[in-house]
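Read-outs throughout are calculated quantities, based only on the coordinates presented, and are distinct from any laboratory measurement. Since this is a predicted model, take the numbers as computed values, not measurements. Quick reminder, even Gly has a Cβ in these numbers, built from the backbone with ideal geometry, and neighbours come from all protein chains shown.
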Amino acid sequence: MDFAAVNLFLMLCYLRPHEWIGLVQSIRLTAFSLVFAIVATFMRERGFTLKSMFRTPHDWMVYFYFGWIILASLAFLTAWKAVYAYGLYYLVAVQALSSLRRIELFLRWWAVVLLSVCLFALASEFGFDPTGAADFTHGRMKGRLVLMLSIFNNPNALGHGVVPTIIMLYFLLIWKRPIFAKIFAIPLMVLPIACLYLTQSKGAFLAAFAGILFALTFGRPKIVQGLIVLAACTVGWGSMSMLPRMHELDRSASDQAIQGRVAAFKFGLKSLHNSVRGLGIAQFEPRFESEHHYFKSSHSAYVEIGAEFGWIGLTLFLGILYCCYRTLLTCRTRTVEEERSRRILFTMLVTHTVSCWMVDFAWRASFFLMVGTIAAFHRQLLGMEQQTVVKEAEPLMAVPVLAPLTLEPSRFGLPEPLTTAGPGVFAMQRPREDEYRPTIINIDSSTEPPPYKGIGWNRIGLLDITLLIIISLAWERLWRYLIHVV
């Protein structure tokens, strides 16, 4: 039941029927599904213990992240109410995905849900528009596709949201699949590609470019990787310039939308350096409006987190990403299906890492579900969820191994003495009593092999902390670079 609950929760997080179906608008379906998932976790057959919450570095990093947000806030209760649900998203995913098979099925279901989002968005252009998106698309958005759900009600959010679908379908239906599956994949991949194209989101195009590049190079020989990167930097980047609105990057200094992002980045960087604790949760927009006298969102998860939670909050958020990358880059898989799940999760992580520079995805349920799935994958590689069956000790059975059969000639009327007469004829002699040597064979001597470990890292050490500090400084340097380059 816990697995069914987390699948239901994923669907409701994306499709959000309570926002466009009148009969269920008054019902908090997402909250209900989360409660259902929590109850199913506690009622499952193998039970639930507090110890199961602290098994991997991902667990500790996520809990430290939420702990810092609450402690650094001046209003502890308000901060707790704002973040506790996201911690539950992570916890439910980690506990429910208790086998590699469940992880594989969950990723397939995730792709189906994202395909449904693409289908709903595209259908609004052809008359089927239950969310009322067509008027907004061709009105305020000037032809840029949207889906009138709270998480996809602007083209950038929709574009970045559907980017992983393209890569997920590639690994699910094309990579190491038979030819008939690849043929079936072609019409399905048209849906997310068309949806992404119609959003005309420059940031989503860049995230898709990065995700596809990593998907094609991951796990290949170095020479092949070099050739793919060379083709991407020449032909691929040239093709990118032909996409809608990409030419606006050439005149970023005069583009009002881009300059608004620059203002948000500058304000966030100043807030990062001015306060150790940051502005506090959900304080970026009101503080920016108070200082600049116009409204502007952060337009970046890193900017939002750095401004609201300071250096420590940003470092812990990057620490969550670091743990996910280290798991997926250093693990060893045994089967094609395990490797398929690994590659899907890795490219999802890459696209999210890139998207966080261009959209404020700091508080999305999909992010914590993704991290929870990677943490569950890490547990499977460690063999933590495997149940070892302990057999009761059984008495050993003594199986005597006797000497070759011999016959006493006088008892069977045979001539005596009978000696070797030629090949294949043996003398039959009665064995002496002291020649009897029974051999004890333990028929239950075999033992179950220890659980397979596909990863050797499960503790944050000094090297990890050093690398995390370096990554945080590099992120701050890139933040400064993006401000000046545009």
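Some points to look at:
- Alpha carbon centroid spacing (whole Å) that separates the stretch 7-45 from the stretch 272-290: 32
- Loop-located trypsin sites (Lys or Arg not before Pro) in the stretch 5-64 (DSSP state other than H, G, I, E, B) with a sparse environment of at most 16 neighbouring Cβ atoms within 10 Å: ARG28, ARG44, ARG46.
- Quarter of the Cα convex hull surface for the stretch 129-244, i.e. its orientation-mean projected area (nm²): 8.3
- Annotation: Cα Rg of the stretch 258-350 relative to the compact-globule expectation 2.2 N^0.38 Å equals 1.43.
- Taking the stretch 297-323 and a reference point 7 angstrom along Cα→Cβ of ASN274, the backbone N atoms nearer than 19 Å belong to 297-300, 302-314.
- At most 15 other Cβ within 10 Å, DSSP loop - trypsin sites (Lys or Arg not before Pro), the stretch 277-372: LYS296, ARG332, ARG334
- Zone residues, the stretch 161-187, relative to VAL336, backbone N less than 17 Å from point 7 Å out along Cα-to-Cβ: 169-185
- A Förster radius of 35 Å, combined with the Cβ-Cβ distance separating LYS176 from ALA31, puts the computed FRET efficiency at roughly 0.30.
- Applying a DSSP loop filter and a limit of 10 other Cβ atoms within 10 Å to the chymotrypsin sites (Phe, Trp or Tyr not before Pro) in the stretch 110-147 leaves nothing.
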